[in-house]
Amino acid sequence: MGILAQRMKELRLENKMKQAEVAEAIGISITAYCNYEYGQRDPQTATLVALANLYQVSTDYLLGLDGPQTSKIILASNSPRRKELLERIGITDFTVAAPNVDESVEDGLSPAEIVEQLSLRKARAAAKKAGPSDLIIAADTVVALDGAVLGKPWDKGAAFAMLTALSGREHHVFTGVTVLRGEEAATLHEETAVTFRQLTPEEIRGYIATGEPMDKAGAYGIQGIGALLVSGIRGDYCNVMGLPVFRLGQILSSFGVDLLKP
């Protein structure tokens, strides 16, 4: 099997698609697609471009023409907060490549174990489309109240329930961060305690109406309007934003990246 056929199959399986689904998505027959994936024929340029667009990779990657490349830093996250925090600590020359990963985990894991496992999973997924010398940074954040993990709210009702539960209480924010290069990977986590003031139902509804809670773990963002809900914090503020830069700096140093070196 040639490299094009191999990568077609790898990308299809990674995206959990059937051959017929890929064929329909790029506008060719299932027979033609199977011929390409089995290496029996080479697709035309238009089909290559359609495949590249479908999987968000380059045609050079599909054809195996993507190396050798200059090593680069890759942030495996679409979070604007993580992008901002990287730039704040002096990492400005990086690319964003957020992989789609299965975020389900086995029962019984602690919040710390969950975020470490998911950050490593994200880093490994991003590595499949990276060069061997590329440095990948991945992170995962959860909010925990009395040990129970609160994810992102799926609707306004869920956001109201989460914020009501957090009102007047202390909760903990856990972020796992992984740095990976080639076969070498290092993972750590940070934990920060956050206390909410007592909130009225009207305040909670007003905050939900801003739209800010809907894409955030625990239904709030401390870097935005959600700061009005917080009466105290113990630990790394950046961790609550989604990237513990202190822990990240420790890991990067072990990879030979010293952000404080002149």
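D140: net charge of surrounding residues, Cβ under 9 Å, Lys/Arg +1, Asp/Glu -1, itself excluded?
Details: positive: R121, K122; negative: E103, E116.
Net charge in that neighbourhood comes out at 0.
Computed about its Cα centre, the charge dipole of the chain is approximately 320 debye, with only Lys, Arg, Asp and Glu carrying charge at their Cβ.
Between 0 and 90 degrees, the angle of helix 3-14 with respect to the longest Cα principal axis of the chain falls at about 30 degrees.
Sequence-distant contacts, meaning Cα pairs under 8 Å at least 6 residues apart, place the relative contact order of segment 73-254 at 23 percent. Approximating the spin labels as points 7 Å out from Cα along Cα→Cβ, the E203-to-F255 distance works out to 4.0 nm. With Cα atoms defining each centre, segment 72-108 and segment 230-262 are spaced 14 Å apart in the structure.
Among 148-159, 249-260, 116-127, the peptide with the highest mean count of other Cβ atoms within 10 Å heads the list, and the full ranking is 116-127, 148-159, 249-260. Projected onto its three principal axes, the C-alpha set of segment 3-63 covers 24, 23, 18 Å, listed from the longest axis down. When only Cα pairs below 8 angstrom with a gap of at least 6 residues are kept, segment 3-63 shows a relative contact order of 39 percent. Taking the Cα centre of segment 42-174 as reference, the dipole from Cβ charges on Lys and Arg (+1) and Asp and Glu (-1) amounts to some 320 debye. Compared with the dominant principal axis of the Cα atoms in the chain, helix 156-166 is inclined by about 50°. With 10 Å bins beginning at zero, the pair-distance distribution over Cα atoms of the chain amounts to 7, 26, 27, 22, 14, 4, 0 %.
Over the residues of the chain, the helix contribution to mean residue ellipticity at 222 nm works out to -11500 deg cm²/dmol, using -39500 (n - 2.57) for each DSSP H run of at least 4. Taking other C-beta atoms within 10 Å as the exposure proxy, Y55, Y220 rank Y55, Y220 from fewest upward. In degrees between 0 and 90, to the nearest 10, how far off the longest principal axis of the chain does helix 111-127 point, with axes built from Cα atoms? For 111-127 against the chain, the angle is about 30 degrees. Packing around the peptides 86-93, 160-167, 18-25, taken as the average count of other Cβ atoms within 10 Å per residue, puts them in this order, highest first: 160-167, 18-25, 86-93.
DSSP beta bridges confined to segment 73-254 are antiparallel in about 80 percent of cases.
No value in this document is a laboratory result; all are computed from the given coordinates. As the structure is a computational prediction, the values presented were derived from the model and not from experiment. Cβ atoms come from the backbone with ideal geometry, glycine included; neighbour counts cover every protein chain shown.
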